[in-house]
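The values are calculated or read from the model by the stated rules, or taken from the named source; none is laboratory data. In this text the structure is predicted, and so the values were computed from the model without any measurement. A quick note on method: Cβ atoms are made from the backbone with ideal geometry, for glycine too, and the neighbour counts reach across all protein chains shown. These accessible areas exclude ligands, DNA and RNA; they are computed on the full protein's heavy atoms, side chains included. Shrake-Rupley method; radii C 1.70, N 1.55, O 1.52, S 1.80 Å.
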Amino acid sequence: MQSQMSALVDLETYPVDALDDEPGLALLNRVRAEFDQTSLAVLDGFLRPEAVTQVAARAREDAETLGYRFTGVNNVFLGTSADAGRASDPTDRGGASDPADVGRAHTKSTLAYDRIGTHSPLKALFQWEPLLGFVSAAVGRPVFRSADPLGAMTVHVHHDGDEQDWHFDVSEYTIVLHLLAPEAGGVLEYVPRSRTAVEQDRDTLRAIADGERHELTRELPTTPGTFVLHSGRISLHRVTPVHGATPRISATLSFNSAPDGRLNDYTRNLYFGRTQ
């Protein structure tokens, strides 16, 4: 496992497996500070370039043959708001009682966890104990890998015209790995720690959904090899429309503070076309 991780991750620059050593502690302190300030921390070049090329090629191929192509709208809270019902049909509003909770139509392709190969380096990274320890230390509390059979780890492919509309995640913490950058677009836009504000002020949510830029909005372009630790459950975020023949490809690894964290049926139906 260690040799496999050394081939995938630049452990010399990012010693996530040696947090007791001085370089590892310095890395951890930097990530903690960044995450505490913005709910997001970035490690450029976390994945080795040669590994990124191979992983991206396989992910693109698998998503084309095994992925689910989504077209539609999503409830901004993905069925997790206080007034959400028990919706499981992706054509309904995810329990939304306010029109502002429902975004605009968009498209993307998603490869579910159970469709990712057993020997995938990404799957090995997700199951690597030092990574779990690093995430726990960075967010300041013990975390557990998502137990969801479909959404624990996923691959997302955004082709020309695809995007991901504004939403909050179901999982508490997510690692996003950038694998392939589009020719244009595909930017992660996020509003740090904004959930409470938009739940209490739907006018603000409606304005953001209609294209008004919030004063706290930040941007992160897609750069292959980048590691992003993100608290998407409390920070409203989206991926802007992709342009060009080259798709945007990313992988997400999901974590929660409870050991049996899973997606709801609404989200599974929405992005995988099935609940199991």
Practice problem: Within the range 78-126, track down each residue that is closer than 27 Å to V52 by Cα, of a type in the set (V, I, T) and at pLDDT below 95. | Solution: T107, T118
Quiz item: Quick one: is P259 surrounded by 15 or more Cβ atoms within 10 Å (Cβ to Cβ) and either part of a loop (DSSP other than H, G, I, E, B) or of a type in the set (V, I, T) (or both)?
Solution: no
Quiz prompt | Residue ranges of helices (runs of 4 or more DSSP H) in the range 115-230 with at least 3 members open to solvent by less than 30 Å² (accessible area, probe 1.4 Å) | solution = 121-127, 129-139, 202-209
Practice problem: Could you tell me which numbered condition T71 fails, if it satisfies all but one of (1) at pLDDT below 95; (2) under 20 Å from the mean Cα position of the chain (by Cα); (3) over 30 Å from T118 (Cβ atoms)? | Solution: (3)
Quiz item: Does A51 fit the bill of being assigned to a helix (DSSP H, G or I) and surrounded by 21 or more Cβ atoms within 10 Å (Cβ to Cβ)?
Solution: no
Exercise. Kindly indicate the residue of the range 2-11 that is modelled with pLDDT of 95 or more and farther than 19 Å from L229 by Cα and also least open to solvent (accessible area, probe 1.4 Å) among those meeting that condition.
Key: S6
Quiz item: Between residues in the range 27-42 that are assigned to a helix (DSSP H, G or I) and residues that are open to solvent by 60 Å² or more (accessible area, probe 1.4 Å) and among the charged types (D, E, K, R), which pairs lie under 9 Å by C-beta distance while being six or more apart or on different chains?
Solution: T38/R193; T38/R218
Quiz item: Within the range 176-195, is there a residue that is modelled with pLDDT under 95 and of a type in the set (D, E, K, R)?
Solution: yes
